[in-house]
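We did not get these values from a lab; they are worked out from the coordinates using the rules stated. Worth saying up front: this structure is predicted, and the values here are computed from it rather than measured. Cβ sites come from the backbone with ideal geometry, for glycine too, and all protein chains shown count toward neighbours.
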Amino acid sequence: MKKVTTLVMTVMALMVFSSNTNAQNKIGYISVDEVLSVMPEVKKVQGDLASYDSSLQINYSETLKEYIAKDSSFRKDSVKLSPAMRQAKETELEKLGTELQNFQQNYQNMLTEKRNTLMQPIVEKAVHTIKEVAKANGYTYVLSKESLISYPDTDDLLGLVKKKLGVADVPKAAVTKPN
């Protein structure tokens, strides 16, 4: 009988402790995209991407100009060329044409890869900061705001994360009502 009583008391104690533990869970939410949008490092990445895009476009334009010039020259002078020279020029034009096609096919992938490379450390910093803020403020779980349907404004960690990052809130423009 003592064993049964001890077992019942142990089970009850575990239930009480587990309900206390569950009551202590604090859940917050945040939009990582919003955090990234206020980080100054992202503006630098956007500038770097624009510069990279511009250099890709310049490279493409120069290759296209070279292709057009060589094609024009080939069409004009192909009658005068020996069969071996004609074949060499055709091969060179095909190579340039393939290069242009490959660029067009890979252009978006090159930009995406560059963006991911530049953004990775910034995203890691944002996530690390979110974790620090959550821990410092007693949040057990932090959910993505985009996956929630309903949520109280008080559990949004964005303000706390902005403060930790040293990003000032931009005051919203006063909304005037029409007369």
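Here is how the numbers come out for the structure above:
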item	result
Relative contact order of the range 27-165, defined on C-alpha pairs under 8 angstrom at six or more residues apart (%)	58 percent
Within the range 92-116, backbone nitrogen closer than 14 Å to the virtual label 7 Å beyond the Cα of Asp77 toward Cβ	92-93
P(r) of the range 27-165 over all Cα-Cα pairs, binned every 10 Å from zero, in whole percent	10, 26, 18, 15, 12, 9, 7, 3, 0
Length added when fully stretched, Ser147-Asp48, from 0.36 nm per residue minus Cα-Cα	32.6 nm
Label-to-label distance, nm, for residues given as Ser31 and Ile58 (7 Å Cα→Cβ offset)	3.6 nm
Built amide H within the under 5 Å cut-off of Leu143, gap 5+	Gly28, Tyr29, Ile30
Whole-Hz couplings from phi, Karplus 6.51/-1.76/1.60, listed for the range 150-164; x for Gly and Pro	9, 6, x, 4, 5, 9, 7, 8, 4, x, 5, 5, 4, 4, 5
Rounded to the nearest 20 debye, dipole of the range 27-165 from Cβ charges on Lys, Arg, Asp, Glu	340 debye
Of the trypsin sites (Lys or Arg not before Pro) in the range 50-84, those whose Cβ has at most 10 other Cβ within 10 Å and which sit in DSSP loop	Lys80
Per-residue HN-Hα couplings for the range 38-44 [Karplus 6.51, -1.76, 1.60; θ = phi - 60°; Hz; x = Gly/Pro]	9, 7, x, 4, 5, 4, 5
Distance (nanometres) between label positions extended 7 Å along Cα→Cβ at Glu41 and Thr140	3.1 nm
Restraint check, Lys43/Lys131; Lys43/Lys65; Lys114/Lys163; Lys65/Lys89; Lys44/Lys95, Cα-Cα greater than 26 Å	Lys43/Lys65; Lys114/Lys163; Lys44/Lys95
